[in-house]
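Chemist: Structure below; questions to follow.
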Amino acid sequence: MPVPKGSTIDPERTRAAILAAATPVLYERGLDGIGVAELCAGIGVSKETLYRHFGTKDGLVEAVLEARSDRVMRWLSDAVAAAGSDPRDQLSAVFDALQHWYDEPAFRGCAMLNAAAQHHVDAVRAITARHLDRYLELLTGIASRANAADPHLLARQLLMLAEGATTVAAHYDRSNAGEHARRAAFALLSAAAS
């Protein structure tokens, strides 16, 4: 990223720009589907700049995944908050948001699960586990507000539905995957609150 003549280098801005440019490339191509030289050329930075800000390509991958997890959890939490106080509406908002994502042309499945499957390193698996813990926490809140007998169990089941729907949408059929998962989620919610 060339710095215009007369301007100063801002390390945080440079790091953020690299993250923003690398995120869609790594999502589309896969973490191991692009080498450092091609990645740097594609996002317009030198290897030296990438290494200065992230240490290694793995450091960049970890930063991309952490940022993506934050973005996804903020997006889902905002959808739940906007749905009001009814847990059924909140759960519906989660699956509506997911279906909207599935319908995007650039959709390639869950970046976290893709990363864990593609990149067998402990740091990536730890980031994925933290992401799923955060997702589980969001769903446990919904299950608790629905007065489920065992909110944590219901949340785990809802997480399996959400991630299963995402996998089906990515690898089989994205049409109505969110709606089908929502119906199953409502059946679980009704049974858990009985």
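Chemist: Restrict the check to segment 175-183 and report whether at least one residue is farther than 20 Å from residue 82 by Cα, of a type in the set (Ser, Thr, Tyr), surrounded by fewer than 17 Cβ atoms within 10 Å (Cβ to Cβ) and within 16 Å of the chain's Cα centre (by Cα).
Modeler: no
Chemist: A further question follows. From 99, 118, which residue is at pLDDT 95 or above and in contact with a Gly (Cβ under 8 Å, 6 or more places away or on another chain)?
Modeler: 99
Chemist: I'd like to verify a number: residues in segment 129-177 that are out of contact with any Gly (no Cβ under 9 Å at 6 or more places or on another chain), among the β-branched types (Val, Ile, Thr) and in contact (Cβ under 8 Å) with a residue 24 or more places away in the chain, how many?
Modeler: The total comes to 1.
Chemist: Okay, next question. Across segment 78-99, which residue is nearest to residue 64 (Cα to Cα) among those that are open to solvent by 40 Å² or more (accessible area, probe 1.4 Å), assigned to a helix (DSSP H, G or I) and free of Cβ contacts under 8 Å to residues at least 60 places away in the same chain?
Modeler: The extreme case among them is 78.
Chemist: Next question. Could you tell me whether segment 140-147 includes any residue that is of a type in the set (Val, Ile, Thr) and over 30 Å from residue 25 (Cβ atoms)?
Modeler: Yes - at least one qualifying residue is present in segment 140-147.
Chemist: Could you give me the residue pairs with C-beta distances under 9 Å whose first residue belongs to segment 43-70 and is of a type in the set (Val, Ile, Thr), whose second residue is not in a helix (DSSP H, G or I) wherever it lies, and which are 6+ apart or on separate chains?
Modeler: 43/1; 45/1; 49/1; 61/31; 61/119; 61/121; 64/31
Chemist: Read through the list (1) in a helix (DSSP H, G or I); (2) closer than 27 Å to residue 169 by Cα; (3) at pLDDT below 95, then give the number of the only condition that residue 32 fails.
Modeler: Failing condition for residue 32: (1).
Chemist: Answer yes or no as to whether residue 72 is in a helix (DSSP H, G or I), within 18 Å of residue 158 (Cα to Cα) and open to solvent by 10 Å² or more (accessible area, probe 1.4 Å).
Modeler: Numbers: in a helix (DSSP H, G or I): yes; within 18 Å of residue 158 (Cα to Cα): yes; open to solvent by 10 Å² or more (accessible area, probe 1.4 Å): yes.
Here the answer is yes, as residue 72 does meet what is asked.
Chemist: Quick one: is residue 164 open to solvent by less than 70 Å² (accessible area, probe 1.4 Å) and within 14 Å of residue 90 (Cβ to Cβ)?
Modeler: no
Chemist: Suppose we keep only residues that are among the hydroxyl-bearing types (Ser, Thr, Tyr) and farther than 30 Å from residue 93 by Cβ within segment 33-74. Which one would you say is nearest to the chain's Cα centre (by Cα)?
Modeler: 56
Chemist: Answer with yes or no whether residue 15 is open to solvent by 70 Å² or more (accessible area, probe 1.4 Å), out of contact with any helix residue (DSSP H, G or I) (no Cβ under 8 Å at 6 or more places or on another chain) and assigned to a helix (DSSP H, G or I).
Modeler: It is false that residue 15 is open to solvent by 70 Å² or more (accessible area, probe 1.4 Å), out of contact with any helix residue (DSSP H, G or I) (no Cβ under 8 Å at 6 or more places or on another chain) and assigned to a helix (DSSP H, G or I).
Chemist: Report the residue count in segment 101-131 for those that are assigned to a loop (DSSP other than H, G, I, E, B) and either open to solvent by 40 Å² or more (accessible area, probe 1.4 Å) or within 13 Å of residue 28 (Cα to Cα) (or both).
Modeler: Residues in segment 101-131 being assigned to a loop (DSSP other than H, G, I, E, B) and either open to solvent by 40 Å² or more (accessible area, probe 1.4 Å) or within 13 Å of residue 28 (Cα to Cα) (or both): 10 in total.
The values are calculated or read from the model by the stated rules, or taken from the named source; none is laboratory data. These figures come from a predicted structure and were not determined experimentally. Glycine gets a Cβ as well: all are built from the backbone with ideal geometry, and neighbour counts include every protein chain shown. To get the accessible areas, we keep the full protein, side chains included, count just its heavy atoms, and leave off ligands, DNA and RNA. Shrake-Rupley method; radii C 1.70, N 1.55, O 1.52, S 1.80 Å.
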